[in-house]
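Notes for the one structure printed next.
The values are calculated or read from the model by the stated rules, or taken from the named source; none is laboratory data. What you see is a predicted model, and the numbers here were worked out from it, not measured in a lab. Cβ placement follows ideal geometry from the backbone for every residue including glycine, while neighbour counts extend to all protein chains displayed.
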Amino acid sequence: MVEFQRYKLSNGLTVILHQDKTTPMVVVNTLYDVGARDESEQKTGFAHLFEHLMFGGSINILDFDKELQKAGGESNAFTSNDITNYYEIIPAQNIETALWLESDRMLSLAFTEKSLEVQRNVVIEEFKQRYLNQPYGDVWLELRPLAYEKHPYKWATIGKDLSHIENATMSDVKSFFKKHYHPSNAILCVSGNFDNSKIRKQIETYFGEIPGGLKPARVNPQEPKQVAFKIKSINRDVPANAFYYAFNMGPRKSSDYYLGDIMSDAVGKDNSSVLNISLKKELELVTEINAFITGSLDDGLFVISGKLAEGVSFEQLDDQLWRILNEIKESGIYAEKLIGIKNKISTSKAFQEQGLLNRSINLSFFELLGDANGINEDALIYQKIEAIDLISFAKNTFVKTNCSLLKVCNNAK
């Protein structure tokens, strides 16, 4: 059981306190309710750009990392299509340093041409190295716009096009910051070894005077129901032909998320999964195959991906894959398999909660979903799932008209 306290500052900042006296450390986690889905289609990649810009210094702090390291701390951040999350891990006696640093960049991020140019170049280089110059690196740049027609999930977190970051102006950057990076759009979670009454005063001191701002209204285009199978082939210099079947499924707060999570484990997580046993071990059609869900806050994707074995055609794989999926739609998952997956999920979540940083991030994320106590209820939802629920999920999801297929073809084959 993860215990916590929750309250709001007058400026709208949601605060979560999770005390753990067994550790000498503290985690200060700040989650902003902004991701790639909040960008304009003509100006994408901004949420990810800010992941970097927020470390470029604020008006009062020229070097964020230097000040944190002097206090024995470390920091990092990540961006998704849904959220942007920053965290500091620091010795408990130096917690004020982390609060000072985090609050100052929320209040007064330094917008300098030098910082923008430095971080712009970092993002451009990342775009090239990770997405354009890696085998299979541009898969999500191709798969997202195939699977989504209207919703902003149709572009990746890095951005839709490199030119959007290349052409980003100081005015663009300031406008994006003002709209999204303020107390009303943030969740601050402090976890670890702190004095409860003292930490509240410290948070009020550092964050209480920051202007609240208005939480942005989010009106994303509604994705139309898919009515036809979509397929796209791209030729790339890759070691082997690869495939990506993307099925539409419900959002994070729906039952689809939990059903899809269990189903993905059952069909493609490891060597004992259905697809690995059948398509890899028995039929030797693939050298690897995986299944996973995106877990998106809005309607997400159930993805089956892998690489073809030498001499195997996409058509051979396709016939056998749909045969297996149709069998799952009729027979579901064996009871013993389902029990095993549930036990693994429970163990994994219990292990994850042992880490202070994981607890901090999860408390913040569940609060974004509606209630931080979801961190304590999540495992129970999995345990209530029955075999009949998975059959219903499979029948609704594993339908050809609900699927988009991206084929990555080796240039030489």
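Are there helices (runs of 4 or more DSSP H) fully within the stretch 16-134 with at least 2 residues that are within 29 Å of S296 (Cβ to Cβ)? List them.
46-53, 95-108, 113-126
A quick yes/no check of all residues on (1) under 26 Å from the mean Cα position of the chain (by Cα); (2) farther than 19 Å from Q226 by Cβ:
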site	(1), (2)
G370	yes, yes
N373	yes, yes
Q383	yes, yes
E386	no, yes
V399	yes, no
L406	yes, no
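Among the residues of the stretch 23-38, count how many are more than 16 Å from the chain's Cα centre (by Cα) and either at pLDDT below 95 or buried (at least 22 other Cβ atoms within 10 Å of the Cβ) (or both). Let's see the steps before the verdict.
Filtering the stretch 23-38 for residues more than 16 Å from the chain's Cα centre (by Cα) gives 23-28.
The next check asks that each one be either at pLDDT below 95 or buried (at least 22 other Cβ atoms within 10 Å of the Cβ) (or both); those that pass are 26-28.
Of the residues in that region, 3 qualify.
State whether the residues of the stretch 15-25 include one that is touching a residue at least 12 places away in the same chain (Cβ under 8 Å) and more than 24 Å from I95 (Cα to Cα).
The answer is no, given that none of the residues of the stretch 15-25 is touching a residue at least 12 places away in the same chain (Cβ under 8 Å) and more than 24 Å from I95 (Cα to Cα).
So that you can scan it fast, the table gives a plain yes or no per residue for (1) of a type in the set (G, A, S); (2) modelled with pLDDT of 95 or more:
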{"position": "R218", "(1), (2)": "no, no"}
{"position": "E223", "(1), (2)": "no, no"}
{"position": "I231", "(1), (2)": "no, yes"}
{"position": "A240", "(1), (2)": "yes, yes"}
{"position": "Y244", "(1), (2)": "no, yes"}
{"position": "D256", "(1), (2)": "no, yes"}
{"position": "D270", "(1), (2)": "no, no"}
{"position": "T287", "(1), (2)": "no, yes"}
{"position": "G295", "(1), (2)": "yes, yes"}
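Any residue at all in the stretch 107-123 that's free of Cβ contacts under 8 Å to residues at least 60 places away in the same chain, of a type outside the set (F, W, Y) and within 20 Å of I83 (Cα to Cα)? I'd like the intermediate steps shown before the answer.
Residues of the stretch 107-123 free of Cβ contacts under 8 Å to residues at least 60 places away in the same chain: 108, 110, 112-114, 117, 121.
If we keep only those that are of a type outside the set (F, W, Y) too, we end up with 108, 110, 112-114, 117, 121.
Now narrow it down to the ones that are within 20 Å of I83 (Cα to Cα): none.
The answer is no, given that none of the residues of the stretch 107-123 is free of Cβ contacts under 8 Å to residues at least 60 places away in the same chain, of a type outside the set (F, W, Y) and within 20 Å of I83 (Cα to Cα).
What number of residues within the stretch 173-212 satisfy the criterion of being under 29 Å from Q119 (Cβ atoms), in a helix (DSSP H, G or I), out of contact with any Lys or Arg (no Cβ under 9 Å at 6 or more places or on another chain) and among the small types (G, A, S)?
1
Tell me which of these A291 doesn't satisfy, since it passes every other one: (1) surrounded by fewer than 22 Cβ atoms within 10 Å (Cβ to Cβ); (2) touching a Gly at 6+ places or on another chain (Cβ under 9 Å); (3) closer than 30 Å to F365 by Cα.
For A291, the failing item is (1).
Could you tell me whether the stretch 142-157 includes any residue that is closer than 13 Å to E39 by Cβ, touching a Ser or Thr at 6+ places or on another chain (Cβ under 6 Å), assigned to a loop (DSSP other than H, G, I, E, B) and not hydrophobic (A, V, I, L, M, F, W, C)?
Checked against the condition, which is being closer than 13 Å to E39 by Cβ, touching a Ser or Thr at 6+ places or on another chain (Cβ under 6 Å), assigned to a loop (DSSP other than H, G, I, E, B) and not hydrophobic (A, V, I, L, M, F, W, C), the stretch 142-157 yields at least one hit.
Only one of (1) in a loop (DSSP other than H, G, I, E, B); (2) buried (at least 21 other Cβ atoms within 10 Å of the Cβ) is not met by S10, so which one is it?
Going through (1) in a loop (DSSP other than H, G, I, E, B); (2) buried (at least 21 other Cβ atoms within 10 Å of the Cβ) one by one, S10 breaks only (2).
Quick one: Y206 ticks every box in (1) on the phi > 0 side of the Ramachandran plot; (2) surrounded by 15 or more Cβ atoms within 10 Å (Cβ to Cβ) bar one, so which box is it?
(1)
Of the numbered conditions (1) of a type in the set (A, V, I, L, M); (2) under 30 Å from K225 (Cα atoms); (3) modelled with pLDDT of 95 or more, L162 fails exactly one; give the number of that condition.
Just one mismatch for L162, condition (3).
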